[in-house]
Amino acid sequence: MKFQAIGLPNAKYTQPNNTYKKGILLALTLLLLTTIPLCINNSTTSPLPSPNSNITSGLKTLEDEDQCQIFSGSWIPYPDGPAYYTNETCNLIIDQQNCMKFERPDTEFMKWRWKPKDCELPLFDAAQFLELVRGKSLAFLGDSVGRNQMQSLLCLLSNVTYPEDISHMYSTNTDYFKRYVYHDYNFTMATLWAPYLVKSRDADPNGHDINSLMSLYLDEPDEGWETEVENFDYVIVSAGQWFFRPLIYYENGRVIGCHKCGRDDMKSFLTYYGYKKAFRTVFRTLRNLKNYKGVTFLRTFSPSHFENGAWNEGGNCPRTRPFSKEEMKLDGYILEMYLTQVEELKAAEKKGMKRGLEFRLMDTTEAMLLRPDGHPNFYGHSPHRNMTIADCVHWCLPGPIDTWNEILLYMLKSGHKTS
C-alpha cells in the first residue's frame, strides 16, 4: 500500500500590508496563546493526533487483534500492484504457475489487495521475514497447492536472496519433495508431499491416473512426512481437492466403505468423512510425536473455480476480476470442507495445550473464494498434466496466493491467533 503525503489546500497566503490588520493579528495571537494551555489542561487527551496515530483513515492497526480480523474482508483495487516479483525477476516459478510466461493476456488479476474489514494487512517484507525465521525451519505438509504457496514464498524472498536447492540430498523424488536452505540465515524450507495426509495406495486394477481409485488408511499417517516432520519449527498443513476422487476407506486395517467407488457391496461415505479423519490423524500424530515441538498452522481449504463444466468435462476459469462478497457466498460443499477442517483444528488446539504445542488457524478460504481470476486456466504448462484440461485449482505467480505469505508473515510476527 502506498501512503500519500497529506497536502495543504492549494491557495496562496498573502501577507497583510497595513497596521490595522497587524494589530488584529497580534490580538488574536495573544488570545490563542492564553486559551490553548487552558484547553489542554482541562482535557484528558490531546486535541492533536499523536505521532503514532493512524491519521489516514481512522482504521485500527493489526496489533489490535481483538478488534481486527485479518481473515474477513474484501479485495480492493491496487492499480500499481504489489510488484514483489515478476516471472522475469524470479527464476523459481514452475511452468505450471507461470501464467505470464505462457502469455496470459490480462494482468488485472495481479492488481488487487486483500483488505481486512477494519485494518490494513502490511505488505510483505522479505528482509523482516528472513530475520524472523533465522535459525528456523518451515515445512509445507500436504498437496501441490501447499507447494504453490512455497513457490510464492521463494519468489517473495528472492528480493533479498536466493536459496540453495538441496532436495537431492533428502529424496530421489525431487519433483514432489523439495528442500531449500538459505545459508546466510540458516533457514530451511521444504515441502512434505502428502496429498491425502494419511497413508494411501493405488487400488485401481487399470493403473494410476488423475482420477483412478485409491485406498486411504484414515488412521495411519503418510510415512513420507511422519519421519521428517519432527525436524521443523513451523509446519503448514493443507489438503483439499484430492479427496473428491474415488477412494476406498480403511480403519484399523479393515475396509469400512468408500467414496464414489461405484460398488454396491460397500458402504458409501460423503467426502467430508475421509477429510475429517485425515486431519484428525495428522493433528493426533503431531501431538504424539515425542520430539515434535513445532508450531502447526492449518491453511484452510482452497476453492477451485471451474465454470462451464466440471474439471474433466471442459470446465475452465476465464474470469479476469474478483467476485464481490455479494456475488459469491461461502456455502455448500466449500463451507462443509472448511468447517470440517476448523473443527478438527479446534480439538487439536485444546489437546495440544497439554504438551505446550501451538495449533493456529490460517484462514484463507473466504479470500480465495472471491478470486476466480487467479488461476492458470490454460496459461500454465506441466509435463504431468493433460494440457486440454484447465487448471482452476492452483494459482498464478505472481498472483493472489502471495497474500497467503503476507498473512504468514503477520502471524509469525505477532503470534496472531484468530478463532
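The values are calculated or read from the model by the stated rules, or taken from the named source; none is laboratory data. Only a predicted model underlies this, so the values are computations on that prediction, with no experimental measurement involved. Positions of Cβ are backbone-derived with ideal geometry, glycine not excepted, and every protein chain shown enters the neighbour counts. Calculation scope for accessible area: heavy atoms of the full protein, side chains included, ligands and nucleic acids excluded. Shrake-Rupley method; radii C 1.70, N 1.55, O 1.52, S 1.80 Å.
Based on the Cβ-Cβ distance from K346 to K413, what FRET efficiency comes out when R0 is 22 Å, to the nearest 0.05? With a Förster radius of 22 Å, E is 0.40. In terms of its C-alpha gyration tensor, segment 70-147 comes out oblate, because a/c is 1.5 or above while a/b does not outweigh b/c. Near C317, once Lys and Arg are set to +1 and Asp and Glu to -1 for all other residues with Cβ below 13 Å from its Cβ, the sum equals 0. Counted residue by residue at 0.36 nm each, then reduced by the alpha carbon distance between them, the extension gain from T172 to I389 reaches 75.3 nm. Taking every protein chain into account, the accessible area of segment 73-415 amounts to 43 square angstrom per residue (probe 1.4 Å).
With 0.36 nm allotted per residue and the present C-alpha distance subtracted, the K101-E251 stretch has 49.5 nm of extension available.
Whenever you get a sec, line up R355, R254 from highest to lowest accessible area (probe 1.4 Å, protein heavy atoms). Intermediate values should be presented prior to the final figure.
Numbers: R355 100, R254 145 Å².
These residues rank, largest area first, as R254, R355.
Classify segment 73-415 as rounded, prolate or oblate from the Cα gyration tensor: take a ≥ b ≥ c as the square roots of its eigenvalues, call it rounded if a/c is under 1.5, otherwise prolate when a/b beats b/c and oblate if not. Taking the square roots of the gyration eigenvalues as a ≥ b ≥ c, segment 73-415 is rounded.
Take the Cβ atoms of E307 and D184, set R0 to 51 Å, and the FRET efficiency comes out at 0.70. Estimated at 0.36 nm per residue, the fully extended path between L123 and E164 surpasses their Cα-Cα distance by 12.2 nm.
Say R0 is 30 Å: what FRET efficiency, to the nearest 0.05, do Y78 and D331 get from their beta-carbon distance?
0.60
So, counting K/R as plus one and D/E as minus one, what does the shell of residues with Cβ under 14 Å around E307 add up to? Neighbourhood net charge equals -1.
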